[in-house]
Each structure stands twice: as C-alpha cells, then as structure tokens.
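Colleague: I'd like to ask you about the structure that follows.
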Amino acid sequence: MPGGVKIEWSGKITASNPREHPVLIVGQLRHLKQLNYADISCKLNPDVTEELWLSAVNSLVPGESVPLVLRTAIATLPARCSRHSAPARPYAISQIISQHAHTVNHSILLVCEKTELYASASAIARSYPLFWRRLNLKGARRSCWNPSEVNPIPQPIVTVDFLLVPSTANNGCDESIWKNPATSLLDTNLSEEDLSTIKQTADAIRLTALIVDTPTNEMNVDHFLEHIKDVGHEFNITPTIIRGEELLERGFGGIYGVGKAASVPPALAVLSWTPDGATETVAWVGKGIVYDTGGLSIKSKTGMPGMKRDCGGAAAILGAFKVAVLAGFKQNLHAIFCLAENSVGPDSTRPDDIHKLYSGRTVEINNTDAEGRLVLADGVAYAQRDLGADIIVDMATLTGAQSIAVGKYHAAILTNNEEWEDATAQAGRAAGDMVFPVPYAPELHFSEFSSAMADMKNSVGDRNNAQVSCAGLFVGAQLGWDFPGIWLHIDMAAPSYSGERATGYGVTLLNVLFGKHSKRQILQDLAPNFTCTSKASPAKKMCRD
C-alpha cells in the first residue's frame, strides 16, 4: 500500500489495551450517553474504570474532547446541525481525528446512528491520506512501508470499530432537550455487505485523494491513465483512450487545444460498465487537468501552487466508478476522463485562437485559464453523441468563484432539472459530500459568452454576473438547451481539498445519489427518495416513486 496508515474496519468492538493501543471514542454527546460501560469496557480496561468513564461523559459538552488516560480520549461532535449541513458532521470528525492523530497503531470507536454511518466512515477515511514523501529521522523515505527499504518504517494500523445507537426523532440540533436515557444499544453489528461497502468506499476515497495529492512530476496524463487502466483491469474492462493528434483528427478541439503544449499529450479516456438488463445509460464526466499554469493567461506565483489539484473531478469519477461497479451498478455506467496539462510552450493556445469543440460549436479563446470547461465540453458531447447517455453528470474543480458562491464545505450544483437538484442536495447531506444549488437561467447568463467571431467565447464578459452558473452553462450548452435527458454540473473546487490535503470529495456523493441503481442496501437506503431515471414527463423529466 503506498504511503499512509492501513485502516482495518470492524462491525463490532474489538478488544484492545489502551496502554499499548491508544483509543479515540467519537460521537455526538447524546449518543455517547446511550452507552453502557459494559458495551465498551473491552476497549478501556484496565485503565479506564466505569467511574472514570461516567465522570468523563458527564463532564463533556458538545464539540469538546476529554482525555481518559494517556493517549486515550473521548470526543464529542458539535450539537448544532442546520438544514444545509450533513447530520453526520463529517467535517468535525476529520478535524477531531487530525487533532488526536498517532503514528503508532491505534483505534477509533465511532458511535453513531445507522443513517450517519456511511458519511462518518468516509470522513475517517479521508483523514488518513496515502501520499507521503517525508523522511524519518533515520533517513528512510516515507513513501511506502516496504520491508526491503533501508530502515523501513513499520506501517501503522488504525482499527475502526462501529457502535450503532437507536435512531431518534431528535437530529441533534438542540442538545439541551436530550436527557440521559441510560439505554443499552439495540444493534452493535453491521452486515458483512455494509462493512464491505464501507471498506470499498474508503479505499476509493483514499485513491481519489492520492491522485489529487500527487504532484504532476509523478501524476501526469500518462500516470493518470495507468490508474484508469488498473481500475479497468479489476473489472475486465479495457478503457477507450483517444489521445494526442487523434483528438484533433476526431474533433476534440477542447481537450486537444488545452493540452497540446504539454510534453505529455492530452487524452480522453472512457471506462464502460454495461450490465445485462440495463435500461438507462448514465455518464459521469470528470475534469482531469493534471496541472494548470493558466496557459498563456498565466497564473500568479501565489495562484499557481496547488494547481496539481485541478484533476479532482476526474479523480473523484474514477473512485466513484470503482465503488459503483463493486456495488453492482444495475444500469449502463460510463466514466469519462478529460485529461490534459494546461502548460506553456510554443504550441500553447493563444487568446484570440478559435477552436472547434466535439459538439461542433466554435469557441473564441479570450482566457486560456478558463480551460476546464473546454475539456468538459468535449466530454459531455461525447457522452451524448457517442454513448447515448440519458443522464450526464460532470464534476470539476472549475471556478475559484465556487467557494465565494456557496462556501468551502459545499460544492455548487447547476442542473436542468429541479427534482434532481433537490435530490443531489439531499444525497450530499446523507453522503457527507455537501452540495448547494446555483441559479440555472441560460436566458439570463449565457449571453456573457457572446462572440462576434465564433459561436461563443470561453470566459465571461462580466465576472460579477453569476460566474459559477455561467461556467457550468458553457458546458451545458454543448448538449443544447433542448437536451431531453438529465444534466448535472458539480463544481467542487473548494471542497476537493482541506488545508494542503485532498478530501476525496465526490465518491460518496455520486454513489448515494445513484444509490437506487446499486445492489448494496446501505446505498439504496441513503439514496434520495425519487425515481433515479430520465424517462419522465416533459415538465420535470421524471416521476416520484
């Protein structure tokens, strides 16, 4: 396993000694108060007595932690949870784990309700990144735990146990109304299927974050394609790959124009899952700019660091596709990766150049740093024209304006369907990958791309006029405003990373949103309560169950 700790997931409490194995117990205060000491004594004996446990729990307030003994603590999640936030409080789980991180074997005991399990486990997974290039004090490189290395570092193992508490009507928004019920747990075990889904999702989140965290000298288009091939090989899928000059020959002027100046040529890659009995075709399209200098409209010296993360959308699509197929996705599913490095060189696209996209539309380039929409434009057009997709989702770290519009914890969603807009926001809260809508009004915003020379420009005329919506509309325009299917655009620029680390955003969102197409019960239960289809009435393009 490359870098990071090894995570072992357990559906029931495993015994350990806190003297040798630090323990972190995490949950909402109202859930922790539901625990009997007997339920968790095997994690705390012999140092933490029942008296000490009760004293610690009774002294806790929401959002704080209390040490029990050396390196063993109990931590509570915030009590407040607004209607636009995820009930599992995944952001707080990640923060707590980072504060109590250990470099030795340790345990986490997560106490939660079943409906919060998937998002909570995913928050734990993203707290343990895989990518490292540090040296230890002896000079051993911390890139992998390889016994053949000189002075190898033992790979730490974190064991994650779950305790499920009964669901209550109170969602935890007002801790003051909760009284200590002193009840025992109703269900302390998970099914093997649930546990398998959690593990597979965690692995996919960490893979997604690994790709985004890895610098471009180790994660260029060639390297990204190897990851795609590895996932394809796992399912006996041979990816379709179009790259280099072939892109230009076949009309992919967006991807080619963005990546043609780089030493490693750009590519369009597709993984296709086509199970028997499928009646719908879903396409997930990811922006995979492995590095974005801004091209000739070059970024500043402070604006360029971190641009290795511009492949976050494509990385999320890869991780989500892997989980979906492992979970038995019941419909046709195509993962489309639009890969390029937006570099500077003699072959760079110039402002004023005009490119013809795969949709047939021409684009006058007025900003080479608005490149993500160009590669996505080719990707969604391919999904429509060549794959016949009924539902198209594009995911991208597209605009800096996204965090200004909806903040750093939520992605922005733009869609041609109101019911899918609501469903995506609901799925985001259940999955822990939160989403908030931005206006969909092509008649008001698309004129920002007016060009006297071509069908459109690639960057807006007025940067103060709904930039996030406009950027998405550029992509949607390639499908046409009369596209009869469902189109969703997810701009996840800000939530794709936290601090200097990738979060693996998008993996859980897509699998919960399309949970009705999964064979896994935990995903079906979390999925929005609507018919996940494009075949519906002209008014809303779908019907409720």
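The values are calculated or read from the model by the stated rules, or taken from the named source; none is laboratory data. Everything quoted here is computed from the prediction, not taken from an experiment. Note that we place each Cβ from the backbone using ideal geometry, even for glycine, and neighbour counts take in every protein chain shown. Quick note on the areas: whole protein, heavy atoms, side chains included, nothing else; ligands and nucleic acids left out. Shrake-Rupley method; radii C 1.70, N 1.55, O 1.52, S 1.80 Å.
Colleague: Hey, among the residues in the stretch 227-244 that are in a helix (DSSP H, G or I), touching a strand residue (DSSP E or B) at 6+ places or on another chain (Cβ under 8 Å) and touching a residue at least 60 places away in the same chain (Cβ under 8 Å), which one's surrounded by the most Cβ atoms within 10 Å (Cβ to Cβ)?
Modeller: Looking only at the stretch 227-244, we keep the residues that are in a helix (DSSP H, G or I), and these are 227-234.
Remaining after also requiring touching a strand residue (DSSP E or B) at 6+ places or on another chain (Cβ under 8 Å): 228, 231-232.
Filter once more, keeping what is touching a residue at least 60 places away in the same chain (Cβ under 8 Å): 228, 231.
Numbers: Ile228: 24, Val231: 19.
Here the residue is Ile228.
Colleague: Quick check on my filter: what residues within the stretch 367-383 are of a type in the set (D, E, K, R) and crowded, with 24+ Cβ neighbours inside 10 Å?
Modeller: Our first condition is that a residue be of a type in the set (D, E, K, R); within the stretch 367-383, this holds for 369, 371, 373, 378.
Of everything in the stretch 367-383, those that are of a type in the set (D, E, K, R) and crowded, with 24+ Cβ neighbours inside 10 Å turn out to be Glu371, Arg373, Asp378.
Each row is one residue, and each column tells you yes or no for (1) modelled with pLDDT under 80; (2) within 25 Å of the chain's Cα centre (by Cα); (3) on the phi < 0 side of the Ramachandran plot.
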residue: Gln99; (1), (2), (3): no, yes, yes
residue: Thr103; (1), (2), (3): yes, no, yes
residue: His106; (1), (2), (3): no, no, yes
residue: Ala121; (1), (2), (3): no, yes, yes
residue: Leu130; (1), (2), (3): no, yes, yes
residue: Arg134; (1), (2), (3): yes, no, yes
residue: Leu137; (1), (2), (3): yes, no, yes
residue: Val160; (1), (2), (3): no, yes, yes
residue: Ile177; (1), (2), (3): yes, no, yes
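Colleague: Let me ask something else about it. If you take the residues in the stretch 450-491 that are closer than 19 Å to Trp420 by Cα and β-branched (Val, Ile, Thr), which one is nearest to the chain's Cα centre (by Cα)?
Modeller: Among those residues, the one meeting the criterion is Ile490.
Colleague: Related question: Being surrounded by fewer than 22 Cβ atoms within 10 Å (Cβ to Cβ), in contact with a helix residue (DSSP H, G or I) (Cβ under 8 Å, 6 or more places away or on another chain), more than 22 Å from Asp39 (Cα to Cα) and polar (S, T, N, Q) is the filter here, so list the residues in the stretch 86-125 that pass it.
Modeller: Hit for the stretch 86-125 is Ser94, nothing else.
Colleague: Return the residues of the stretch 426-442 that are part of a helix (DSSP H, G or I) and within 14 Å of the chain's Cα centre (by Cα); say none if nothing qualifies. It would help to see each step written out before you state the result.
Modeller: Of the stretch 426-442, the ones part of a helix (DSSP H, G or I) are 426-431, 442.
Across the stretch 426-442, the qualifying residues are Ala427, Gly428, Arg429, Ala430, Ala431.
Colleague: Could you count how many residues in the stretch 1-36 are out of contact with any Cys (no Cβ under 9 Å at 6 or more places or on another chain), open to solvent by 30 Å² or more (accessible area, probe 1.4 Å) and more than 24 Å from Thr197 (Cβ to Cβ)?
Modeller: 6
Colleague: So if I check each of Gly303, Gly295, Gly277, which one is open to solvent by 20 Å² or more (accessible area, probe 1.4 Å), part of a loop (DSSP other than H, G, I, E, B) and on the phi > 0 side of the Ramachandran plot?
Modeller: Working: Gly303 fails: on the phi > 0 side of the Ramachandran plot; Gly295 fails: open to solvent by 20 Å² or more (accessible area, probe 1.4 Å).
Being open to solvent by 20 Å² or more (accessible area, probe 1.4 Å), part of a loop (DSSP other than H, G, I, E, B) and on the phi > 0 side of the Ramachandran plot holds for just one of Gly303, Gly295, Gly277, which is Gly277.
Colleague: Can you pull out every residue in the stretch 41-80 that is among the charged types (D, E, K, R), farther than 18 Å from Leu163 by Cα and touching a residue at least 40 places away in the same chain (Cβ under 8 Å)?
Modeller: Hits for the stretch 41-80 are Arg71, Arg80.
Colleague: Here's another thing I want to ask about it. How many residues are open to solvent by less than 30 Å² (accessible area, probe 1.4 Å) and of a type outside the set (Phe, Trp, Tyr) if we restrict to the stretch 245-274?
Modeller: So the first thing to find is which residues in the stretch 245-274 are open to solvent by less than 30 Å² (accessible area, probe 1.4 Å), and the list is 247, 251-255, 257-259, 261-262, 264, 266-271.
Still in the list and also of a type outside the set (Phe, Trp, Tyr): 247, 251, 253-255, 257-259, 261-262, 264, 266-271.
The qualifying residues number 17.
Colleague: Collect the residues in the stretch 462-493 that are in contact with a His (Cβ under 8 Å, 6 or more places away or on another chain) and open to solvent by 10 Å² or more (accessible area, probe 1.4 Å), keeping them in residue-number order. Spell out how you get there, then give the answer.
Modeller: In the first step, residues of the stretch 462-493 are kept if they are in contact with a His (Cβ under 8 Å, 6 or more places away or on another chain); the result is 465-466, 469-470, 472-473, 475-476.
Across the stretch 462-493, the qualifying residues are Asn465, Ala466.
Colleague: For Val48, are the conditions met, namely being under 32 Å from the mean Cα position of the chain (by Cα), over 27 Å from Glu192 (Cα atoms) and of a type in the set (A, V, I, L, M)?
Modeller: On the way: under 32 Å from the mean Cα position of the chain (by Cα): no; over 27 Å from Glu192 (Cα atoms): yes; of a type in the set (A, V, I, L, M): yes.
Taking the combined requirement at face value, the residue does not satisfy it.
Colleague: Sticking with this structure for a sec: Any idea which of Arg83, Arg89 is modelled with pLDDT of 90 or more and at positive phi? Spell out how you get there, then give the answer.
Modeller: Numbers: Arg83 fails: at positive phi.
Going through Arg83, Arg89 in turn, the sole match is Arg89.
Colleague: Could you tell me which of the residues Ile25, Ile40 is closer than 23 Å to Ala125 by Cβ, of a type outside the set (Phe, Trp, Tyr) and not in a strand (DSSP E or B)? Please lay out each step first, then the result.
Modeller: Working: Ile25 fails: not in a strand (DSSP E or B).
None of the other options fit; the residue is Ile40.
Colleague: On to the next question. Taking the stretch 499-515 only, how many residues are under 13 Å from Thr424 (Cβ atoms), assigned to a helix (DSSP H, G or I) and under 13 Å from the mean Cα position of the chain (by Cα)? Steps first, please.
Modeller: Applying the first criterion (under 13 Å from Thr424 (Cβ atoms)) to the stretch 499-515 yields 506, 508-515.
Imposing the further condition that a residue be assigned to a helix (DSSP H, G or I) reduces the set to 508-513, 515.
Checking the rest, the ones that are also under 13 Å from the mean Cα position of the chain (by Cα) come to 508-513.
Within the stretch 499-515, residues that are under 13 Å from Thr424 (Cβ atoms), assigned to a helix (DSSP H, G or I) and under 13 Å from the mean Cα position of the chain (by Cα) number 6.
Colleague: On the given criteria, is Ala75 modelled with pLDDT of 90 or more and either outside any helix (DSSP H, G or I) or within 32 Å of the chain's Cα centre (by Cα) (or both)?
Modeller: Numbers: modelled with pLDDT of 90 or more: yes; either outside any helix (DSSP H, G or I) or within 32 Å of the chain's Cα centre (by Cα) (or both): yes.
It is true that Ala75 is modelled with pLDDT of 90 or more and either outside any helix (DSSP H, G or I) or within 32 Å of the chain's Cα centre (by Cα) (or both).
Colleague: Of all residues in the stretch 258-285, which are within 22 Å of the chain's Cα centre (by Cα) and under 15 Å from Gly328 (Cβ atoms)?
Modeller: Residues satisfying the conditions are Trp273, Val282.
Colleague: While we're on this one: Could you list, in sequence order, the residues of the stretch 194-224 that are part of a helix (DSSP H, G or I) and touching a Cys at 6+ places or on another chain (Cβ under 9 Å)?
Modeller: Step one: list which residues in the stretch 194-224 are part of a helix (DSSP H, G or I), which gives 194-213, 221-224.
Ile211, Val212, Phe224 - these are the residues of the stretch 194-224 that are part of a helix (DSSP H, G or I) and touching a Cys at 6+ places or on another chain (Cβ under 9 Å).
Colleague: For the stretch 314-321, state whether one or more residues are touching a Cys at 6+ places or on another chain (Cβ under 8 Å), small (Gly, Ala, Ser) and touching a residue at least 24 places away in the same chain (Cβ under 8 Å). First the steps, then the outcome.
Modeller: Just the residues of the stretch 314-321 that are touching a Cys at 6+ places or on another chain (Cβ under 8 Å), to begin with: 314.
From the residues that got through so far, the ones that are small (Gly, Ala, Ser) too are 314.
Pick out the ones that are also touching a residue at least 24 places away in the same chain (Cβ under 8 Å) and you get 314.
Checked against the condition, which is being touching a Cys at 6+ places or on another chain (Cβ under 8 Å), small (Gly, Ala, Ser) and touching a residue at least 24 places away in the same chain (Cβ under 8 Å), the stretch 314-321 yields at least one hit.
Colleague: Could you tell me whether Ile198 is open to solvent by less than 20 Å² (accessible area, probe 1.4 Å), modelled with pLDDT of 75 or more and not basic (Lys, Arg)?
Modeller: Numbers: open to solvent by less than 20 Å² (accessible area, probe 1.4 Å): yes; modelled with pLDDT of 75 or more: yes; not basic (Lys, Arg): yes.
Yes.
Colleague: Can you pull out every residue in the stretch 350-366 that is open to solvent by less than 30 Å² (accessible area, probe 1.4 Å), over 16 Å from Leu473 (Cβ atoms) and either of a type in the set (A, V, I, L, M, F, W, C) or without any contact (Cβ under 8 Å) to a residue 60 or more places away in the chain (or both)?
Modeller: The one that is open to solvent by less than 30 Å² (accessible area, probe 1.4 Å), over 16 Å from Leu473 (Cβ atoms) and either of a type in the set (A, V, I, L, M, F, W, C) or without any contact (Cβ under 8 Å) to a residue 60 or more places away in the chain (or both): Ile365.
Colleague: Hey, any hits in the stretch 81-95 for a residue that's more than 24 Å from Thr424 (Cβ to Cβ) and either part of a strand (DSSP E or B) or touching a residue at least 12 places away in the same chain (Cβ under 8 Å) (or both)?
Modeller: Narrowing the stretch 81-95 to residues more than 24 Å from Thr424 (Cβ to Cβ): 95.
Next, from what is left, pick out any that are either part of a strand (DSSP E or B) or touching a residue at least 12 places away in the same chain (Cβ under 8 Å) (or both): none.
Within the stretch 81-95 (the criterion being more than 24 Å from Thr424 (Cβ to Cβ) and either part of a strand (DSSP E or B) or touching a residue at least 12 places away in the same chain (Cβ under 8 Å) (or both)), the answer is no, since none of the residues qualifies.
Colleague: Suppose we filter Ala405, Ala423 for residues that are open to solvent by 10 Å² or more (accessible area, probe 1.4 Å), of a type in the set (Gly, Ala, Ser) and modelled with pLDDT of 95 or more; which single one remains? Talk me through it step by step, then tell me what you get.
Modeller: Working: Ala423 fails: open to solvent by 10 Å² or more (accessible area, probe 1.4 Å).
Going through Ala405, Ala423 in turn, just one is open to solvent by 10 Å² or more (accessible area, probe 1.4 Å), of a type in the set (Gly, Ala, Ser) and modelled with pLDDT of 95 or more: Ala405.
Colleague: Which members of the stretch 494-519 meet the condition of being open to solvent by 30 Å² or more (accessible area, probe 1.4 Å) and not aromatic (Phe, Trp, Tyr)? Spell out the reasoning first.
Modeller: The initial filter retains those residues of the stretch 494-519 that are open to solvent by 30 Å² or more (accessible area, probe 1.4 Å), namely 497-501, 516, 519.
Answer for the stretch 494-519, where residues must be open to solvent by 30 Å² or more (accessible area, probe 1.4 Å) and not aromatic (Phe, Trp, Tyr): Ser498, Gly499, Glu500, Arg501, Lys516, Lys519.
Colleague: In addition: Could you check the stretch 517-545 and list, in sequence order, the residues that are modelled with pLDDT of 95 or more, closer than 16 Å to Ala283 by Cα and touching a helix residue (DSSP H, G or I) at 6+ places or on another chain (Cβ under 7 Å)? Walk me through it before giving the result.
Modeller: Looking only at the stretch 517-545, we keep the residues that are modelled with pLDDT of 95 or more, and these are 517-528.
Still in the list and also closer than 16 Å to Ala283 by Cα: 517-518.
Hit for the stretch 517-545 is Ser518, nothing else.
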